[in-house]
Amino acid sequence: MDLVQKEHERLSKKLKSSQSIRNVQNAIDLLQAARDKIASDPNQASITLAKLQNPIKSSFDAINDNLKETHSGLNKYSKSLDKLFKDRPLPSTEHDVLASQDHLINRAIAMHLLREGQFSVASAFLSEITEKKAARKQQENDSHTNAMDQAATLLDIDEVPSSEVRKQFHTMYYILHELKENNNLLPAIQWSRDNKDALEARGSNLEFELCRLQFVWLFHGGHEQRGPTPEGRHAALEYARQEFQVFLSRYLREIQQLMGAMAFCPNLQDSPYRNIFNNPSAWADVSHSFTREFCSLLGLSPDSPLYIAATAGAIALPTLLKLQTIMKAKRTEWTTEHELPVEIPLPPSYLFHSIFVCPVSKEQTTDENPPMMMPCGHVIAEESLKRLCKNTRFKCPYCPNESHPRDARKVFL
């Protein structure tokens, strides 16, 4: 990776796109000036063209030199990438579980496009699915309608129709646009109040986060991190009087910190409250919180499952390639059906499901074979428990305590 980074830095230094553009513009200016001069005095055409020859040649030589340097740098950079990421065949797809589940793949793609705000692309994608399904069912008169309905239902989630899903994502992106582009928190605050009961049931503090950032924004005079102004302090104080009453019981300490910053406004940077009023990631953080809560109320994760799956697959690919090479060398086959034969080290943020491996059988627990905790606190799989106890009292395999199988409790991870 160091070689790629080195070549990338070298290429960045060599690139002189601005100089190339200036050279091209200079040539264009020379040609236009010559054209205007010839148009005004056609008798001077031969002299004008003769004088134009050397400057134009110099401009073209400079453009070619810059292009040669850029082309050379790109070649070296490409070679370093090829050396690091060697072209290898992908693992075999003989047992591709998703091959017969094309509707799941289509759903993931369509939902990803909606999550990314690519509404026109999502609509075109669903239209193509409609056309393909209609072509398969030409024997029915209403086949096109049926196919269109089936394509639309890809977006249905938890009995929420697809039209409502699209409407909700349009709303989400409108609010995010106001947040990120215009520093306008009011639509997000209004949405949080419209969904107050559902957010409180989740224990969400989104509404207070938004109102707190609105206070800080007003405190800075309606600008992002430009320092407090007298008018801004007055507007923030009035906003606090109007809006913070409902938060006193739950966020009293946070509100006291916001009010206490008033005394430090001449030297806020050296005050205990500088992290609140000079937080460069505040708008990004509140945008992420809003997206997370908005998606949660739709029964969706804040991140696109397609993006997560693709990233996890890219992380797992080198390990799977190595495993395939070893299996070919040893002439063995992949026999596990519902789990990978090796552990894939994914980032903590990608570990969504807890996995328990029974210490007795060394097998992962499943819904049919759940983990069971004995009175002593040790946990084993249910099948292991049945083999040990045989419906009578038994000794724990990890401590001297004895217990009866009816005293074991199912563990929910």
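Worth a mention:
- Residue in the stretch 256-276 that is in contact with a helix residue (DSSP H, G or I) (Cβ under 7 Å, 6 or more places away or on another chain), open to solvent by less than 70 Å² (accessible area, probe 1.4 Å) and in a loop (DSSP other than H, G, I, E, B) present: yes
- Within the set Ser120, Ser127, the sole residue that is hydroxyl-bearing (Ser, Thr, Tyr), open to solvent by 80 Å² or more (accessible area, probe 1.4 Å) and either at pLDDT 70 or above or within 30 Å of Ala236 (Cβ to Cβ) (or both) turns out to be Ser120.
- Lone qualifier among His378, His338 - being at pLDDT 85 or above, open to solvent by 60 Å² or more (accessible area, probe 1.4 Å) and not β-branched (Val, Ile, Thr): His378
- Only one of the numbered conditions (1) under 19 Å from Gln214 (Cα atoms); (2) of a type in the set (Ser, Thr, Tyr); (3) modelled with pLDDT under 80 is not met by Thr291, and that is (3).
- The stretch 390-405, residues that are touching a Cys at 6+ places or on another chain (Cβ under 8 Å) and assigned to a strand (DSSP E or B): Glu402, Ser403
- Failed condition for Leu385, given (1) part of a helix (DSSP H, G or I); (2) more than 30 Å from Leu351 (Cβ to Cβ): (2)
- The stretch 220-279, residues that are charged (D, E, K, R) and at pLDDT 75 or above: Glu231, Arg233, Glu238, Arg241, Glu243, Arg250, Arg253, Glu254, Arg274
- In the set Leu186, Leu213, only one residue is within 30 Å of Met111 (Cβ to Cβ), aliphatic (A, V, I, L, M), modelled with pLDDT of 90 or more and open to solvent by 40 Å² or more (accessible area, probe 1.4 Å); that residue is Leu186.
The values are calculated or read from the model by the stated rules, or taken from the named source; none is laboratory data. In this text the structure is predicted, and so the values were computed from the model without any measurement. Note that we place each Cβ from the backbone using ideal geometry, even for glycine, and neighbour counts take in every protein chain shown. The protein model used for the area step is the full one, side chains on, heavy atoms only, and it has no ligands, DNA or RNA in it. Shrake-Rupley method; radii C 1.70, N 1.55, O 1.52, S 1.80 Å.
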